[in-house]
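Here the structure comes first, spelled out in structure tokens, and everything after it is commentary.
The values are calculated or read from the model by the stated rules, or taken from the named source; none is laboratory data. Everything quoted here is computed from the prediction, not taken from an experiment. Positions of Cβ are backbone-derived with ideal geometry, glycine not excepted, and every protein chain shown enters the neighbour counts. SASA here: full protein model, heavy atoms, side chains in, ligands and nucleic acids out. Shrake-Rupley method; radii C 1.70, N 1.55, O 1.52, S 1.80 Å.
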Amino acid sequence: MNPNPYINEDLQALAETVRRFAEEKVKPGFLERDKSREFDRALLREMGELGFICPELPEQFGGLGMGCLAAGVIHEEIARADLSFSYLNLLASLNSQILSKYGQPEVVAPWLEKIRTGQAICAIALTEPRGGSDAANLRLKVERDGDFYVINGEKTDLTPVSCSS
Ligand SMILES: Cc1cc2nc3c(=O)[nH]c(=O)nc-3n(C[C@H](O)[C@H](O)[C@H](O)COP(=O)(O)OP(=O)(O)OC[C@H]3O[C@@H](n4cnc5c(N)ncnc54)[C@H](O)[C@@H]3O)c2cc1C
């Protein structure tokens, strides 16, 4: 494996470990998953047990606090074996960074634990039909109605995952 000049020895060792896992566990089921359109939830939980999901998550939320480069290194190696499956890493990192930075800890902590351990898959619904770049100018409204929230608006281009535990 050619050393990557942009990462240090620790991240290089991480890349080699993840590549072995990806070759042995992710690559073999790639075509089957592609045909069935189903996520292998057990494989995702196994990645969670190994610390391969949002490694950059702060230790306060049970993460390894390894920084975004580690998440990038893991994502790259999983994508080498199955690009679609590696989207789960991307979404877990993207959403857990937003939740851990802006969410109330007592509200987000249980969800971050589920995302980190591969028990939950989280989608992000930001883009609207009138454009995605202008994310500060969204039209969708969420209004509280008693014990419920009423969501009024449209979203589009969502990476298709269902959020469940
Ligand atoms: C594979 C994939 C997965 C995605 N998954 C998700 C997801 O899970 N959740 C989600 O919310 N969205 C998702 N998206 C949507 C993505 O976030 C949007 O495509 C992105 O934000 C750009 O928005 P747009 O496509 O509407 O393009 P627009 O915002 O309409 O932009 C069109 C073009 O105009 C340019 N442009 C825009 N504004 C300006 C400006 N002010 N000045 C100059 N040029 C400008 C843009 O650079 C672009 O080239 C996904 C997109 C892809 C391709």
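Here are some notes:
- Taking the C-alpha atoms only, the angle from helix 105-116 to the longest principal axis of the chain is near 40 degrees.
- The apolar share of the surface of the chain, taken as the fraction of accessible area on carbon and sulfur atoms (1.4 Å probe, ligands and nucleic acids excluded), comes to 52 percent.
- Lysines whose Cα lies under 17 Å from that of LYS155, excluding same-chain neighbours fewer than 8 positions away: LYS141
- Expressed per residue, the C-alpha convex hull volume of the range 8-163 stands at 138 Å³.
- Straight-line reach from LYS35: taking Cα to Cα under 23 Å and skipping same-chain neighbours fewer than 8 places apart, the lysines in range are LYS25, LYS27.
- Working from label points 7 Å from Cα in the Cα-to-Cβ sense, the LYS25 to CYS68 distance is 2.6 nm.
- Segment GLU49-LEU90, length gained on full extension (0.36 nm per residue, minus Cα span): 13.0 nm
- Normalised by the number of residues in the range 1-109, the average gap of Cα pairs under 8 Å and 6 or more apart makes the relative contact order 27 percent.
- Alpha-carbon centroids, the range 42-97 and the range 99-124: separation in whole Å: 13
- Using a simple spin-label model with pseudo-atoms 7 Å out from Cα toward Cβ, LEU158 and ASN4 lie 3.1 nm apart.
- Computed helical MRE - 222 nm, the chain, DSSP H runs ≥ 4 contributing -39500 (n - 2.57), nearest 500: -14500 deg cm²/dmol
- For GLU128, the residues whose modelled amide H falls within less than 5 Å of its own, excluding neighbours fewer than 5 places apart on the same chain, are THR156.
- With a simple spin-label model that places each label point 7 Å from the Cα along the Cα-to-Cβ direction, the separation between ILE151 and ARG37 comes to 2.0 nm.
- Residue-wise HN-Hα coupling along the range 48-61, computed from phi with Karplus coefficients 6.51, -1.76, 1.60 (Hz; x: Gly, Pro): x, 4, 8, x, 8, 10, 5, x, 7, 4, x, 4, 3, 9
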